[in-house]
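Engineer: Could you have a look at this structure, given as structure tokens, before my questions?
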Amino acid sequence: MTHLKEIFSSPKKGNYFFGYYDKSQISKSKNYYASLKVENFYNYLGKDEYAEIGYFEKNSQEFQVIGKTKAFNFQQGSMINWIYSNHEEKLIYNVIENGKLFSRISKIHGDSKIDLPLPLYSLSNDNKFFLTINFEHLSKYRRGYGYDLNLIDEKKSMFKLDEIGIWKLDVDSKNINKIISNEDFQLDNKNYWIEHITISPNNYDFVFLLRSKNIDGGIKTDFFLSDIEKSKLIKINNSGRTSHFNWIAKNKLVVYGGLPNKFNKFRKSKFFQSIPGVKMILKFYHLLIRHDTLISKKLTGDCYYLYDIKNLEFTKIKNDKLNSEDGHPTVDTIENRYMITDTYSDLPKKKASLILYDLLKNSEIQRIEIDSLEELDNSPFRCDLHPRFLENSLYFSIDCFYENRRSFKVYQILK
């Protein structure tokens, strides 16, 4: 019978976490688990605070430190990735030193380090390049996904003030090329930013979110598909509602978001946004209708769906229980069958859940409830589970709270 087996948990002393769900915490050899270690997880960094960068060996509770950083947040960490060259397993991550934000590649054995001129956002599967954004601009709008602006010297930045775009950096040559720029979008205001870039396994296509703040206090999200040659720039979803997504295969994505309908079209319209008291209207709506109810999803169109980037086709995953809550989906790359996703603990007395789902049979296999710290649940310091698969394996890891500390766990899907 298919089920989840926990095979590793970080030590009971100390606070450890990894970050986002679009990259593997586990090395390809399955011998190492990358991690950040912090003293404080209730507030943003203090002046003299930093996170340690390091790893655990799979059968050890000893944290091996290879560096430190002030360039991290509690949602995406330091964008840590395993990067491989000459059959060596190394770590790449973001740092801030002397007011400059950039990325660093460190050997896990020895002191060898290579610094790259731009901070990392999304690393290609072949490790030859990465895509990035202007983190200083992101940090103004999404502090929980950015870094402390007080630590960054604008004079040392590679970007112009408030410059919007996506840049490509070749890891070996360090050459930089701007792919996406301000001129590619026509918006009524400048209150927007780019985030959640994710590169296809084909090392060519990528997707990203263009976000802006609505007058009603919400966030409008446009979901785009492009490629490193910018031969296309396609708005995948025009509902204004896309939250989380991941590549299943080189031409297919799994997404949680709103499929276009009359309600979300009206919600993002200029007419609705200009109604006096629109914030109070929405507040009253959310008091009447909880976001995890079937009626809410009927109105918003929110659900899990598959998206084919070649045919530009949506296929809704028809399971009301699964679709009732937003989550962070990731799918195994062996069979493209087993999806791991999660739910939030964002309602009183409601625990987060880790879900194992069979895409082939369109059915839930297992659900595990995970404790949280209620006082942090709706803050930038919350702990989303962020399940993340190791490529070509049935191993994955999550972040979590355990006995009032930050922790992570590693699981295997047993069949």
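The values are calculated or read from the model by the stated rules, or taken from the named source; none is laboratory data. Values in this document were obtained by computation on a predicted structure and should not be read as measured data. Reconstructed Cβ throughout: ideal geometry from the backbone, glycine too, with neighbour counts over all protein chains shown. Areas reflect the complete protein model, heavy atoms only, side chains present, ligands, DNA and RNA absent. Shrake-Rupley method; radii C 1.70, N 1.55, O 1.52, S 1.80 Å.
Engineer: Working only within the stretch 373-415, note down all residues that are open to solvent by 40 Å² or more (accessible area, probe 1.4 Å) and either in a loop (DSSP other than H, G, I, E, B) or touching a Ser or Thr at 6+ places or on another chain (Cβ under 8 Å) (or both). Give the steps one after another, and end with the answer.
Structural biologist: Our first condition is that a residue be open to solvent by 40 Å² or more (accessible area, probe 1.4 Å); within the stretch 373-415, this holds for 374-375, 378, 380, 382, 391-392, 395, 402-404, 412, 414-415.
Matches in the stretch 373-415: E374, N378, P380, R382, E391, N392, Y402, E403, N404, L414, K415.
Engineer: Here is a follow-up. Filter the stretch 116-128 for residues that are open to solvent by less than 10 Å² (accessible area, probe 1.4 Å) and either of a type outside the set (G, A, S) or at pLDDT below 95 (or both) and give the result.
Structural biologist: Answer for the stretch 116-128, where residues must be open to solvent by less than 10 Å² (accessible area, probe 1.4 Å) and either of a type outside the set (G, A, S) or at pLDDT below 95 (or both): L116, L118, P119, L120, Y121.
Engineer: Kindly evaluate L360 against the criterion of being over 30 Å from K265 (Cβ atoms), touching a residue at least 12 places away in the same chain (Cβ under 8 Å) and buried (at least 20 other Cβ atoms within 10 Å of the Cβ).
Structural biologist: no
Engineer: Could you check, for the stretch 139-159, whether at least one of its residues is surrounded by 19 or more Cβ atoms within 10 Å (Cβ to Cβ) and among the polar types (S, T, N, Q)?
Structural biologist: Yes.
Engineer: Next up: Take the stretch 33-70 and flag every residue that is touching a strand residue (DSSP E or B) at 6+ places or on another chain (Cβ under 6 Å) and either of a type in the set (A, V, I, L, M, F, W, C) or assigned to a loop (DSSP other than H, G, I, E, B) (or both).
Structural biologist: Across the stretch 33-70, the qualifying residues are A34, L36, V38, F41, Y50, A51, I53, F56, F63, V65, I66, K70.
Engineer: Among the residues of the stretch 160-187, what is the count of those that are charged (D, E, K, R), open to solvent by 60 Å² or more (accessible area, probe 1.4 Å) and modelled with pLDDT under 95?
Structural biologist: Qualifying residue count for the region: 3.
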